[in-house]
Amino acid sequence: MASLTPWISIPQDSDFSIYNLPFGIFSRQYEPPRAAIAIGDKLIDLFPLAKQGFFDELVPTRTVFAEPTLNSFIALGKKITNGVRLLVQTWLCEEGSPLHQNQDLIYPQADVKMHLPVKIGDYTDFYSSIEHATNVGKMFRDPENALLPNWKHIPVGYHGRASSIIPSGQPILRPKGQVVAKDAKDPSYQPSGRLDFELEMAFIIGKNTELGDSISTAEAEDYIFGMVLFNDWSARDIQKWEYVPLGPFLGKSFASSVSPWVVPLEALDPFRVPGPEQNPPVLPYLNYMGNKNYDIALEVGIQPRGATETIVSRSNFQYMYWNMAQQLAHHTINGCNVNVGDMMASGTISGKSEDSYGSMLELAWAGSKPLKMSDGSERVFINDYDTVIMRGHAEKDGVRVGFGEVRAQVLPGK
Ligand code: CA
């Protein structure tokens, strides 16, 4: 990889290196939300640069950067969005560039508020980690036949709820619902006692399709703008009672948290790796060429109130059995259309080892193996006032491209 030398100082080990340059939506006090690019621990305010005409050769409308979501910008297409990214990269390495002369438009990230990066029309959650599906199958169903017969033929998924997807930093409220207590036959209505996280990543659709269209695995990455970290909060006791026969409902729809910076697929290109062997062979429309998995190291921390954080899991996005291209090909094989801003989450990303599982359900094995926190307390699920933090980054040959973090504190429900 070529070595770039920016004039701006970037903290060592920053996720937001000169090779990353993700897009997000921020606001400052009394100002409306608008688009930015992250660099190091700072961000670049794009609209004032556009207003001065610096993007005019690339971007047809200056006001696209003044909108409160990235949808219109993303809809301009990868040629333009990546063009903006590469132009900013050049500016960051050139003294006298428009950005170098407008350094007052670079603000500390600590001084701004981050928002949801896109308006999410539809949200789909897959179930694509074989380790996770096997673990859950063992606990919820049958230890001998943990995987259902369709699992290795279909990237299993369900349509989730977009309205309750919230940005990192916003607390979540412990959900209430129908729960069947241990040894009880009938359900009762109560706060969930088994609140859990799910370590996931999500991709954001960058191009619309028409009803009836299908996207091939070869075309799929043209339709993916970028990725975020995704915490699919789950109430296991509500889920266990409600999920048969139609799948997740209120045990999932109360909240999902996403990281604020969307890392474009172009920035992740150097970190492609082969996926796992798929056996039995998949149907032809799910076949793919090339490396479609990505080596992205992931971790989850739990921070009890007043205590330091304890890392409870280290996983990797490359473990996914089904890759994003296969997920999108499958999603559209029936002619279902997709729209810019749609979010598709991977499903819980568990590795093979016990310390790489992507949920408390698996890490503490349905409550039977408590995890120790730094303050000496134990967890089998998530307690009130705990903060759950997820991080992810790729690194190769000294080049680091990361996602920052997604965090949320759990508060007692209303
Ligand atoms: Ca999930």
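The values are calculated or read from the model by the stated rules, or taken from the named source; none is laboratory data. Bear in mind the structure is a predicted one, so any value in this text is a computation, not a measurement. So basically every Cβ, Gly included, is an ideal-geometry build from the backbone, and we count neighbours across all protein chains shown. SASA here: full protein model, heavy atoms, side chains in, ligands and nucleic acids out. Shrake-Rupley method; radii C 1.70, N 1.55, O 1.52, S 1.80 Å.
Here are the numbers for this structure:
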| quantity | calculated |
| --- | --- |
| Two-decimal log10 I(q)/I(0) for region 28-104, as the Debye equation yields it once each C-alpha is a single scatterer, q = 0.25 Å⁻¹ | -1.40 |
| Fluctuation leader among Pro281, Pro260, Pro68 - the chain, Gaussian network, Cα springs under 10 angstrom | Pro281 |
| Around Arg174: net Lys/Arg minus Asp/Glu count, Cβ-Cβ under 12 Å | -1 |
| Accessible-area composition of the chain, carbon plus sulfur, in percent [1.4 Å probe] | 52 |
| Size of electric dipole in region 1-93: Cβ of Lys, Arg +1 and of Asp, Glu -1, about Cα centre, debye, nearest 20 | 220 |
| Separation of alpha-carbon centers, region 323-377 and region 95-144, rounded to whole Å | 13 |
| Net +/- balance of residues flanking Gln278 in space, Cβ distance below 14 Å, scoring K and R +1, D and E -1 | +1 |
| Estimated Rh, region 229-320: Kirkwood, alpha-carbon pairs, angstrom | 16.8 |
| Neighbourhood net charge (9 Å Cβ-Cβ; Lys/Arg +1, Asp/Glu -1) for Trp233 | -2 |
| Between helix 130-140 and the chain: long-axis angle, C-alpha atoms, 0 to 90°, nearest 10 | 30 |
| DSSP beta bridges in the chain [antiparallel fraction, %, rounded to 5] | 90 |
| Max mean-square fluctuation residue, GNM over the chain, Cα-Cα springs under 10 Å, options Asp104, Asp213, Asp15 | Asp104 |
| Accessible area (Å², per residue) of the chain, counting only protein heavy atoms and a probe of 1.4 Å | 43 |
| Candidates Asp56, Asp13, Asp186: whichever shows maximal mean-square fluctuation once the chain is modelled as a Gaussian network with Cα springs under 10 Å | Asp186 |
| The chain - mean residue ellipticity at 222 nm from DSSP helices (-39,500 (n - 2.57) per run, n ≥ 4, rounded to 500) | -4000 deg cm²/dmol |
| Entries of Lys78/Lys352; Lys182/Lys414; Lys185/Lys252 with Cα pairs more than 32 Å apart | Lys78/Lys352 |
| Per principal axis, descending, Cα span of the chain in whole Å | 71, 53, 38 |
